[in-house]
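Working notes for the structure below.
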Protein chains: 2
Amino acid sequence: MSSTIDIVPESSNVIKGKAPLLGAPQRPGGWKKGLAIMDFILRLGAVAAALGAAATMATADQTLPFFTQYFQFEASYDSFTTFTFLVIGMALVGGYLVLSLPFSIVAIIRPHAAAPRLFLIILDSVFLVLATAGAASAASVVYLAHNGNQSSNWLAICNQYSDFCNQTSGAVVSAFIVVLIFMFLIVMSSLAIAKKH
Amino acid sequence: MSSTIDIVPESSNVIKGKAPLLGAPQRPGGWKKGLAIMDFILRLGAVAAALGAAATMATADQTLPFFTQYFQFEASYDSFTTFTFLVIGMALVGGYLVLSLPFSIVAIIRPHAAAPRLFLIILDSVFLVLATAGAASAASVVYLAHNGNQSSNWLAICNQYSDFCNQTSGAVVSAFIVVLIFMFLIVMSSLAIAKKH
């Protein structure tokens with residue numbers, strides 16, 4: 001019920017041969033390529049932040065210089081289930097981010113294709129949840145370690161385990177940076193998908 | 001450079017008068033309307049889950065029937081910073097979800113418009129992070145309340161505060177349901193944006 005006569009506009013570019021190299025602002029949709037390149041760079045940053053968070057948390061380990069007859073005071077990441085979750089979660093997120101780099105490269109090469117970006121949006125939002133859950137749950141335990149809680153009679157342990165506390169706090173900050181980058185990635189990909197030009 | 005002759009196809013539907021009621025599979029893009037309706041229904045469910053989580057957590061309060069000379073044993077949501085965060089976070093998420101319903105209705109009326117869905121994807125991913133952070137941080141404190149932690153000498157309090165523990169656990173489950181619904185909403189909206197027909 002609809003007939004279209006298209007005088008193909010791309011042919012003129014093919015004849016000139018230079019148009020694709022002239023850069024983003026001149027072609028409609030060139031900003032999509034810019035977004036894809038930024039997506040790739042942000043992903044590299046997120047890989048570093050995720051693996052940094054996992055490594056910082058995994059090496060957090062402190063033994064106090066005094067002990068009783070029955071018990072030696074030691075804190076490491078695997079004495080808190082939440083911190084173990086952060087290490088595993090950040091390792092998974094880092095692995096996913098490395099595996100997602102090829103799809104980001106496909107989006108750079110073919111900036112108008114919706115499929116790779118759609119794929120990235122869906123998986124990004126899944127791993128955004130994993131990263132946020134790890135960061136937030138570790139943050140709440142770090143908060144308890146710093147401040148304690150009166151009604152449950154949990155005492156602050158950061159006076160004793162000061163190195164441990166510093167290292168876990170750093171890992172939490174790094175994990176929240178990963179969360180921020182994921183939010184940028186999702187917003188950028190959905191902008192690129194939604195606009196036609 | 002492109003000239004289009006459109007013999008408007010909608011006019012025949014208007015004459016027949018019944019075509020829009022025939023259901024999604026017959027028109028190209030009709031599945032987008034179906035997705036928009038599901039989006040609206042899921043949003044209603046998420047409102048209920050978010051406000052339910054906030055209310056359950058806010059009413060969690062237990063006073064133990066024994067006390068010492070100096071201290072009465074009481075636990076309520078505002079004695080744990082994390083639980084206060086869950087209440088505030090879930091109230092904000094519930095408020096956002098109610099305010100997002102009009103945009104979801106716009107997506108039902110104009111299933112091919114990308115703008116309302118793009119707006120919803122971006123705000124949904126922001127509030128997804130808020131909901132996940134609230135749910136995960138409360139979950140880690142609930143876990144500590146159930147199991148305690150040896151290396152920091154935090155004792156499990158759920159033997160004493162059993163009602164309080166049950167109620168906070170229920171609120172955490174409800175908050176995670178909100179997170180799940182948000183993930184469905186983002187996937188559905190990005191599918192609808194990415195496909196042309």
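Read-outs throughout are calculated quantities, based only on the coordinates presented, and are distinct from any laboratory measurement. Remember, it's a predicted structure, so these values are computed and weren't measured experimentally. Neighbour counts run over all protein chains shown; Cβ positions are idealised from the backbone, glycine included.
At a glance:
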{"read-out": "Shielding by partners - mean other protein chain Cβ count within 10 Å, residues of B:118-127", "value": "4"}
{"read-out": "Across the identical copies, how the A:Ile109 labels are spaced - nm, sorted shortest first, 7 Å along Cα→Cβ", "value": "4.4"}
{"read-out": "Distances in nm from A:Gln160 to the matching label points in the other copies, shortest first (labels 7 Å along Cα to Cβ)", "value": "1.9"}
{"read-out": "Average other protein chain Cβ within 10 Å of Cβ, residues A:149-162", "value": "5"}
{"read-out": "Calculated FRET efficiency for the pair A:Ala48/B:Leu191, C-beta based, R₀ 25 Å, to 0.05", "value": "0.20"}
{"read-out": "Label-point separation, A:Ile41 to B:Glu74 (7 Å along Cα→Cβ), nm", "value": "5.5 nm"}
{"read-out": "Exam field: B:Lys196 pseudo-label spacings to other copies (7 Å along Cα-Cβ), nanometres", "value": "0.9"}
{"read-out": "Charge dipole of the range B:74-197 about the Cα centre (unit charges at C-beta), most positive-ward option of B:Ser137, B:Ala114, B:Gly170", "value": "B:Ala114"}
{"read-out": "In order through the range B:149-156: 3J(HN,Hα) via Karplus (6.51 cos²θ - 1.76 cosθ + 1.60), integer Hz, x for Gly, Pro", "value": "8, 6, 5, 9, 6, 9, 8, 5"}
{"read-out": "Rounded FRET efficiency, nearest 0.05, which uses the C-beta distance separating B:Leu92 from B:His112 and R0 of 35 Å", "value": "0.65"}
{"read-out": "Separation of alpha-carbon centers, the range B:102-127 and the range A:78-133, rounded to whole Å", "value": "24 Å"}
{"read-out": "Neighbour cut-off at most 11 other Cβ (10 Å), DSSP loop, chymotrypsin sites (Phe, Trp or Tyr not before Pro), the range B:41-138", "value": "B:Tyr70, B:Phe71"}
